[in-house]
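Peer 1: Mind having a look at this structure? Questions to follow.
The values are calculated or read from the model by the stated rules, or taken from the named source; none is laboratory data. Keep in mind it's a predicted model, so treat the numbers as computed, not measured. Here the Cβ positions follow ideal geometry from the backbone for every residue, glycine too, while neighbour counts run over all protein chains shown. The area values use the complete protein model at the heavy-atom level, side chains included, leaving out ligands, DNA and RNA. Shrake-Rupley method; radii C 1.70, N 1.55, O 1.52, S 1.80 Å.
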Amino acid sequence: MKTLGYLCFTLLLFVNLSQAQNSLSPEDQSKIKQLIADETKAFYAKDYETWMMLYRQTPQTYFAQYDKGQLIVKDGWDALSSWAITWFNDGKKGVKPTFSREKTNFRKVNPTYVWVTFKQVKSLDGKKETSQELRIVELIKGEWKMVNHTSMPASTSSVKEETTVSEKDKKSSVRSEKKQ
């Protein structure tokens, strides 16, 4: 009976420790939210110097954004930086939209990586655009840096959805059954 008690106690202790290791402090959540806000503000203001300092500049850096019918995918810092320099210097002035973020969900992958998802509403000139956002951030020397920026419209009315493989397979198998 004592063995069962020790086993239960050990299991509960393990579960509590694993949950504690996967939780993110309110201070880190606040810092990550600020990183996201700063990155977005610098991007729309076309402030390349500030924007680039917020990223981890490695081959693993990833940027994907679907906006107004255009999909931009940049894999690696060199590709992202090259595209960004062109975009930031295209002659158009930066803008200052306002943003609200809701349903923010933090998933601590390990002590230095956090996966963040949220719904974002951008307001500019009386127009609102809603998007689903993903950021992966990394803690480097006590500072959170962006590793992944993924953004897509919250409404898929402008996005052509692909049929899933299983649906294609079902349709194919129904056609082949009818032939037999």
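Peer 1: Show the residue pairs meeting these rules: Cβ distance below 9 Å; 6+ apart or different chains; first residue within the range 47-75 and under 13 Å from Asn148 (Cβ atoms); second residue exposed (fewer than 15 other Cβ atoms within 10 Å of the Cβ) and of a type in the set (Gly, Ala, Ser).
Peer 2: Lys74/Ser82
Peer 1: Restricting to the range 139-157, count the residues that are open to solvent by 40 Å² or more (accessible area, probe 1.4 Å), part of a strand (DSSP E or B) and modelled with pLDDT under 95.
Peer 2: 1
Peer 1: With the condition kept exactly as written, say whether any residue in the range 97-107 is open to solvent by less than 100 Å² (accessible area, probe 1.4 Å), assigned to a helix (DSSP H, G or I), of a type in the set (D, E, K, R) and modelled with pLDDT of 95 or more.
Peer 2: At the first step, the residues of the range 97-107 found to be open to solvent by less than 100 Å² (accessible area, probe 1.4 Å) are 97-102, 104-106.
Those left that are additionally assigned to a helix (DSSP H, G or I): none.
Within the range 97-107, not a single residue is open to solvent by less than 100 Å² (accessible area, probe 1.4 Å), assigned to a helix (DSSP H, G or I), of a type in the set (D, E, K, R) and modelled with pLDDT of 95 or more.
Peer 1: Find the residue count for the range 66-86, including only residues that are more than 25 Å from Glu143 (Cβ to Cβ) and either surrounded by 13 or more Cβ atoms within 10 Å (Cβ to Cβ) or under 16 Å from the mean Cα position of the chain (by Cα) (or both). Before the answer, list the steps.
Peer 2: Filtering the range 66-86 down to residues more than 25 Å from Glu143 (Cβ to Cβ) leaves 66-73, 86.
Those still in the list that are either surrounded by 13 or more Cβ atoms within 10 Å (Cβ to Cβ) or under 16 Å from the mean Cα position of the chain (by Cα) (or both) too: 66-67, 71-73.
Total meeting the criteria: 5.
Peer 1: Scan Tyr44, Tyr48 and give me the residue that is open to solvent by less than 70 Å² (accessible area, probe 1.4 Å), over 18 Å from the mean Cα position of the chain (by Cα) and of a type in the set (Ser, Thr, Tyr). Before you say what the answer is, go through the steps one by one.
Peer 2: On the way: Tyr44 fails: over 18 Å from the mean Cα position of the chain (by Cα).
Sole residue among the options that is open to solvent by less than 70 Å² (accessible area, probe 1.4 Å), over 18 Å from the mean Cα position of the chain (by Cα) and of a type in the set (Ser, Thr, Tyr): Tyr48.
Peer 1: Working only within the range 125-138, note down all residues that are farther than 15 Å from Phe106 by Cα, in a strand (DSSP E or B) and open to solvent by 50 Å² or more (accessible area, probe 1.4 Å). Steps first, answer last, please.
Peer 2: At the first step, the residues of the range 125-138 found to be farther than 15 Å from Phe106 by Cα are 125-131.
Subsequent filtering for residues that are in a strand (DSSP E or B) retains 127-131.
Hits for the range 125-138 are Lys127, Lys128, Glu129, Thr130.
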